[in-house]
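Undergrad: For reference, the structure I am asking about is given below.
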Amino acid sequence: MTPGKWRFPQPSARDREPAAGPGGEPGRPAARRAPWTAVPPSALVVTGIFSVQFGAGLSISPIEIERLTTTNKAGVQEGKDRGMAPLGWRVVRHAVYVMPFFVNPMAAGKTGCDCLDIDLLKFLIPHAYRNTASAIRPFVEIRHAWYAEHKNPLGSCPDSLILDALAPRKMKGDPEEASQSIDEYKIPTELPELVRVRLASCDDLCAKTWD
């Protein structure tokens with residue numbers, strides 16, 4: 001995306017005029033034409049959705065899910081003004097998740113995704129859950145958000161080495177049981193030197209200071 005002034009297309013006066021009915025009388029409003037049909041390509045927003053891919057968030061250890069039936073103030077069935085949501089409230093008591101994300105430089109070159117877009121993404125990631133809390137997800141904290149940059153577009157280090165080196169490991173308790181505290185895990189705070197030298201940079205976005 002290129003910074004600048006945004007201009008939203010507006011329907012023309014012809015689009016707002018009612019269609020004439022029988023005898024020349026005003027009838028129902030005419031169907032509006034799609035306002036973007038006359039918009040030049042330069043006014044459209046290209047997001048580059050294929051430039052960045054987020055993997056599935058996977059828990060390090062098994063999880064324990066708490067289920068609860070709640071009432072639904074708004075009717076869930078036709079003709080009823082209230083209802084029940086059997087086991088509709090489900091939360092994970094405690095877990096540590098890892099979620100990889102990748103920036104595809106080949107796709108970025110085609111979609112127009114540039115360094116400004118990536119910097120915006122890096123700035124927002126640490127706030128993704130903190131500022132979107134809800135009743136079903138009251139507290140999710142991102143402890144670390146690592147961003148590693150390769151030395152060339154083809155990749156100077158296998159992604160698997162980076163992911164394995166930064167993945168938390170459960171060190172206390174039964175590894176086949178759900179965790180109860182973050183203290184049960186060993187969480188890396190830096191990359192091993194053998195991996196670090198193969199990268200151009202590696203930053204923890206949660207600890208990064210932005211100008």
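Laboratory data are not the source of any read-out in this text; all were calculated from the coordinates shown. Every value quoted in this text rests on a predicted model; they were computed, and no experiment measured them. Please note: Cβ atoms are built from the backbone with ideal geometry, for glycine as well, and neighbour counts cover all protein chains shown.
Undergrad: Any residue that is touching a residue at least 24 places away in the same chain (Cβ under 8 Å), touching a helix residue (DSSP H, G or I) at 6+ places or on another chain (Cβ under 6 Å), surrounded by 12 or more Cβ atoms within 10 Å (Cβ to Cβ) and over 30 Å from Gly88 (Cβ atoms) - is there at least one of those in the stretch 130-146?
TA: For the stretch 130-146, residues touching a residue at least 24 places away in the same chain (Cβ under 8 Å), touching a helix residue (DSSP H, G or I) at 6+ places or on another chain (Cβ under 6 Å), surrounded by 12 or more Cβ atoms within 10 Å (Cβ to Cβ) and over 30 Å from Gly88 (Cβ atoms): present.
Undergrad: For the stretch 102-127, which positions are closer than 15 Å to Cys206 by Cα and surrounded by fewer than 14 Cβ atoms within 10 Å (Cβ to Cβ)? Outline the logic, then answer.
TA: Going through the stretch 102-127, the residues closer than 15 Å to Cys206 by Cα turn out to be 119-127.
Across the stretch 102-127, the qualifying residues are Asp119, Leu120, Phe123, Leu124, His127.
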